[in-house]
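The values are calculated or read from the model by the stated rules, or taken from the named source; none is laboratory data. Being a predicted model, the structure only gives us computed values, none of them experimental. So basically every Cβ, Gly included, is an ideal-geometry build from the backbone, and we count neighbours across all protein chains shown. The accessibility values were calculated without ligands, DNA or RNA, using every heavy atom of the protein model including side chains. Shrake-Rupley method; radii C 1.70, N 1.55, O 1.52, S 1.80 Å.
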Amino acid sequence: MKLHYDNQRVLLTGASSGIGEAMAKMLAAQGVKSLVLVARREGRLEALKQELIQTHPNVAVYIYPCDLSERTAIDHLLHYVSREVGAVDILINNAG
């Protein structure tokens with residue numbers, strides 16, 4: 001079964017390295033509309049964002065550095081996403 005990501009809005013946690021970073025690159029290459037990348041390491045998120053913008057200029061990339069083990073961080077993330085991105089079509093919960 002081939003999945004289609006065209007025009008999807010994806011929120012990806014644990015995106016700063018490893019599987020999360022690889023998934024972000026794969027999703028951008030497969031035509032997602034926007035990616036919300038979440039992880040604790042802001043510098044790594046920013047570097048990934050810049051790489052994705054250069055290689056896939058049609059993908060909107062948002063970063064939100066936070067520690068999702070903190071309850072208030074989750075509330076702030078949800079507020080940010082609703083304000084900046086709108087509805088998310090796909091959640092990939094890769095944090096931790």
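Could you list, in sequence order, the residues of the range 80-93 that are open to solvent by 50 Å² or more (accessible area, probe 1.4 Å) and either touching a residue at least 60 places away in the same chain (Cβ under 8 Å) or on the phi > 0 side of the Ramachandran plot (or both)? Show your work before the answer.
Applying the first criterion (open to solvent by 50 Å² or more (accessible area, probe 1.4 Å)) to the range 80-93 yields 82-84, 87-89, 91, 93.
Those that are open to solvent by 50 Å² or more (accessible area, probe 1.4 Å) and either touching a residue at least 60 places away in the same chain (Cβ under 8 Å) or on the phi > 0 side of the Ramachandran plot (or both): Ala87, Val88, Asp89, Leu91, Asn93.
Looking only at the range 47-79, how many residues end up being β-branched (Val, Ile, Thr) and open to solvent by 50 Å² or more (accessible area, probe 1.4 Å)?
Filtering the range 47-79 for residues β-branched (Val, Ile, Thr) gives 53, 55, 59, 61, 63, 72, 74.
When the remaining residues are screened for being open to solvent by 50 Å² or more (accessible area, probe 1.4 Å), the result is 53, 55, 72, 74.
So the count comes out to 4.
Could you grab me the full set of residues in the range 26-46 that are open to solvent by 40 Å² or more (accessible area, probe 1.4 Å) and part of a helix (DSSP H, G or I)?
Initially, the range 26-46 is screened for residues open to solvent by 40 Å² or more (accessible area, probe 1.4 Å), giving 26, 29-30, 33, 40-44, 46.
Within the range 26-46, Met26, Ala29, Glu42, Gly43, Arg44, Glu46 qualify.
Before we move on, is Ile53 of a type in the set (Val, Ile, Thr), at pLDDT 95 or above and part of a helix (DSSP H, G or I)? Lay out the reasoning, then the answer.
Details: of a type in the set (Val, Ile, Thr): yes; at pLDDT 95 or above: yes; part of a helix (DSSP H, G or I): yes.
It is true that Ile53 is of a type in the set (Val, Ile, Thr), at pLDDT 95 or above and part of a helix (DSSP H, G or I).
Do we have any residue at all in the range 10-25 that's farther than 24 Å from Ser69 by Cα, open to solvent by 40 Å² or more (accessible area, probe 1.4 Å) and modelled with pLDDT of 95 or more? Reasoning before the result, please.
Narrowing the range 10-25 to residues farther than 24 Å from Ser69 by Cα: 25.
Retained after the next criterion (residues that are open to solvent by 40 Å² or more (accessible area, probe 1.4 Å)): 25.
From the residues that got through so far, the ones that are modelled with pLDDT of 95 or more too are 25.
Yes, the range 10-25 has at least one match.
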